[in-house]
């Protein structure tokens with residue numbers, strides 16, 4: 001005790017008496033110069049230690065304060081590098097009407113201009129990848145102007161001409177099957193111009209469940225390739241990415257992003273009315289809280305509980321009828337401009353027995369790029385673990401991960417056993433998401449099958465699809481698929497649905513979405529049920545018209561293989577009314593024959609648009625497999641113009657003939673920025689400048705501290 | 001009992017402290033030694049050796065020599081900007097123009113070793129960047145500024161031909177991990193140089209972000 005006390009006294013006052021006592025104990029007589037010197041040194045050292053500790057605390061605190069004071073670095077900059085003025089503000093109202101299995105959606109975008117100057121607003125936004133967009137209306141004040149379908153370049157000219165003349169005008173372009181751009185020019189100061197877009201879409205029917213998906217945000221895409229020196233130069237190119245040799249329209253699909261946007265920024269309201277004619281057991285919106293109201297038997301209204309929500313994640317609605325037996329077929333007919341259109345959906349029966357299963361080689365591919373950071377990589381990890389659990393002895397497997405580099409668990413697919421599964425599980429648990437998204441080499445690697453082992457080869461590809469080079473991906477799948485089958489799994493809050501659907505189509509597999517870790521188990525179980533084998537193959541349809549005049553155009557042709565729970569969906573155009581269709585296919589080990597009557601189906605407004613949209617899809621897919629570009633363009637252009645559809649080669653444009661902007665008024669063009677999809681991390685997606693501070697100074701300080709503390713403790717303990 | 005604990009604490013304090021000090025000395029020592037080795041590798045590069053790696057297991061290679069006469073700076077710049085590379089010398093950020101190319105060349109270095117001298121640069125100072133073909137480009141310091149680490153506009157490959165030197169800020173902070181970067185921008189002063197043929201049209205930076213490359 002006295003020793004401890006002694007130490008304290010020395011630190012504080014260094015009184016002579018206590019020093020003497022201390023000296024006596026250690027055998028140094030008072031007056032011994034060495035002892036005095038030692039004491040002095042000790043005192044100095046202790047003093048130094050204390051001041052060092054203080055210094056560390058102060059310095060650490062200081063760098064904290066410096067960081068806190070500085071302004072956030074994420075600001076919008078205009079084309080010349082100047083901070084951008086306020087862009088037009090946007091509110092979106094979505095009305096979804098479901099009639100049976102047809103969906104009609106109206107998206108109302110209200111561009112208001114809070115500035116003192118005349119503004120052009122450009123907004124890049126997503127729509128479902130199978131949306132048949134057939135209508136654009138522009139409302140300004142009392143005036144309502146109907147949009148006109150034009151060849152894309154012509155529409156651009158029409159828009160530019162009106163824009164220059166000071167007329168209020170709007171243009172709707174398709175950049176990808178699921179990315180669109182609205183441009184609205186000459187929005188007067190303090191006023192609002194409303195653009196209404198309408199599209200048609202079929203309900204998704206799977207495993208007895210109906211669903212629809214409405215995307216709200218285009219997530220920042222990774223743009224591979226080398227920057228091109230010249231920009232594409234269209235009016236709507238406001239993107240953060242420069243065009244590259246691999247993504248020549250990058251500047252049009254990368255809307256500026258506001259990181260950490262305020263709650264009320266870019267709000268979206270949504271209402272769904274279901275006219276299903278059936279009593280529903282269950283209506284479920286997994287990602288947004290909703291309020292369901294029963295309007296009448298078989299009619300429901302669904303609204304967002306919170307009113308407007310931030311446009312940052314896909315809205316999904318699923319419903320299931322109580323009825324048993326479940327509906328087995330649906331038919332919609334429409335007569336349009338003298339021709340007949342039908343949409344037929346048939347749920348094949350469950351096969352009694354499946355062909356004897358071959359051994360399986362399962363390649364699990366996971367995207368570990370920066371956009372997957374956070375919730376997405378967690379979902380992917382859980383999904384992979386769940387998939388590993390379902391592997392059977394006799395299977396072979398491998399895990400491939402990619403960001404800007406490509407890594408794989410094993411050099412080649414390994415047999416399933418305790419050791420390999422153990423390694424796979426720890427590999428999957430260690431997955432981290434960071435860096436770029438070089439997806440093309442990963443896809444090629446996954447589809448590359450050097451052994452041709454005769455095993456059933458299945459590739460499960462987990463990604464959010466945040467890349468701009470979809471076309472190159474599709475080409476790779478079409479070229480390399482061989483005997484493999486590709487199953488895509490869209491991960492996260494805003495997956496790229498176009499990539500998921502078309503890659504799976506070209507890979508003769510299916511696509512699935514996982515939007516939260518809660519649904520992983522169900523989704524992976526369903527996926528594995530499908531993975532066992534397609535249940536319906538070699539499907540042939542024979543159409544029977546009232547009169548022998550053929551001219552039946554069917555899409556898709558040929559009908560792809562169907563997996564468990566998938567309905568057969570075909571659309572058809574004919575010159576005469578069709579009487580029936582005879583369906584024949586291989587169902588498991590048996591042959592399935594079915595004749596469907598085509599008369600007396602429900603009247604479906606817009607079936608023609610769905611047929612044309614699917615025809616366009618077929619043509620675009622043919623472009624991937626090497627069909628002549630000009631031929632594809634001609635066919636798509638003809639279909640789109642005839643059916644009033646927006647496509648890669650056609651746009652909708654609306655012009656209010658009255659010039660509004662005086663020739664003296666200047667027009668400013670601004671992009672309406674998008675939010676970052678929910679759960680994404682700006683740091684992980686966009687990266688940072690390299691960190692360049694070594695820890696040397698910190699270690700220097702810590703080292704001195706350690707020595708000082710060691711000395712102090714030793715002193716007291718001696 | 002308490003005596004034993006104190007002894008243990010004391011020994012621990014000394015060992016850890018000495019360890020930290022050793023490491024603190026090792027970082028600048030490595031930085032200095034690497035530059036000596038790199039000088040030799042650079043000479044080999046200039047003579048056109050196909051694989052001029054400074055040591056057999058190096059995952060980088062010298063790209064250029066950066067010099068500043070007034071401060072007596074003469075450094076070998078390496079390819080890449082990962083932490084491993086920056087331990088040995090200033091690095092070139094991939095995706096920006098390569099030294100010798102006309103374009104936006106961006107180099108980074110540690111604030112407390114190789115690029116500590118940036119704080120002493122003055123406007124108007126000359127920088128010389130010599131590439132592997134012995135072409136030397138001369139730059140004049142135009143601007144010094146502090147940017148946020150997310151401001152990737154600085155890396156815009158389509159920006160006008162210039163040299164940017166980037167390091168962490170503030171220089172005298174103890175802790176690593178600041179979000180701020182000290183950026184020196186130097187304009188090309190010697191346009192008559194043969195390496196400058198075929199200039200791309202200068203384009204002001206406009207991208208808000210670049211994705212992580």
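Only the coordinates and a few stated rules stand behind these numbers; no lab work does. A quick note: this is a predicted structure, and the numbers were derived from the prediction, not measured. Cβ coordinates were reconstructed from backbone atoms using ideal geometry, including for glycine residues, and neighbour counts include every protein chain displayed.
Tabulated data for the structure shown
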| read-out | value |
| --- | --- |
| Calculated FRET value between residue A:641 and residue A:161, using beta carbons and R₀ = 22 Å, to 0.05 | 0.65 |
| Over the protein assembly as shown: helical MRE at 222 nm, DSSP H runs n ≥ 4 each giving -39500 (n - 2.57), nearest 500 | -9000 deg cm²/dmol |
| Rounded FRET efficiency, nearest 0.05, which uses the C-beta distance separating residue A:532 from residue A:322 and R0 of 25 Å | 0.30 |
| Relative intensity, log₁₀ I(q)/I(0), of segment A:360-531 from a Debye sum that treats every alpha carbon as a point, q = 0.11 Å⁻¹ | -0.38 |
| Enclosed volume per residue, in Å³, of the convex hull spanned by Cα atoms of segment A:293-357 | 273 |
| Folded to 0 to 90 degrees: helix A:418-429 orientation relative to chain A principal axis, Cα | 80 |
| 20 °C / 1.002 mPa s Stokes-Einstein diffusion coefficient of segment A:153-201, Kirkwood radius on C-alpha pairs, µm²/s | 177 |
| Rounded if a/c under 1.5, otherwise prolate or oblate - segment B:83-140, Cα gyration tensor axes | oblate |
| Crossing angle, helix A:16-25 versus chain A [Cα axis fit, 0-90 degrees, rounded to tens] | 90 |
| Alpha-carbon centroids, segment B:120-169 and segment A:108-176: separation in whole Å | 42 |
| Rounded to 10°, Cα long-axis angle of helix B:2-46 versus longest principal axis of chain B | 20 |
| Label-point separation in nm, residue B:30 to residue A:299, each point 7 Å along Cα→Cβ | 7.3 |
| Part-to-part distance (alpha-carbon centres) for segment A:582-655 and segment B:1-57, which is given in Å | 66 |
| Among beta bridges that DSSP assigns inside chain A, antiparallel share in %, nearest 5 | 75 |
| Theoretical gain in end-to-end length, residue A:279 to residue A:421 [0.36 nm per residue, Cα-Cα removed] | 46.6 nm |
| Prolate/oblate/rounded label for segment B:103-171 (Cα gyration tensor, a/c 1.5) | oblate |
| Length released on extending from residue A:356 to residue A:625, taking residue separation times 0.36 nm less the Cα-Cα span | 93.7 nm |
| Column: log10 I(q)/I(0), Debye, Cα scatterers of segment B:31-196, q = 0.16, 0.17 Å⁻¹ | -0.89, -1.02 |
| Cα extents of chain A along the three principal axes, largest first (Å) | 129, 77, 54 |
| Two-site FRET efficiency, residue B:70 against residue A:445, from Cβ-Cβ distance with R₀ of 56 Å, rounded to 0.05 | 0.60 |
| Residue A:392-residue B:172 pseudo-label distance in nm [points 7 Å out on the Cα-to-Cβ vector] | 7.2 |
| Extended-chain gain in nm, criterion 0.36 nm per residue less alpha-carbon gap, residue A:517 and residue A:582 | 19.1 nm |
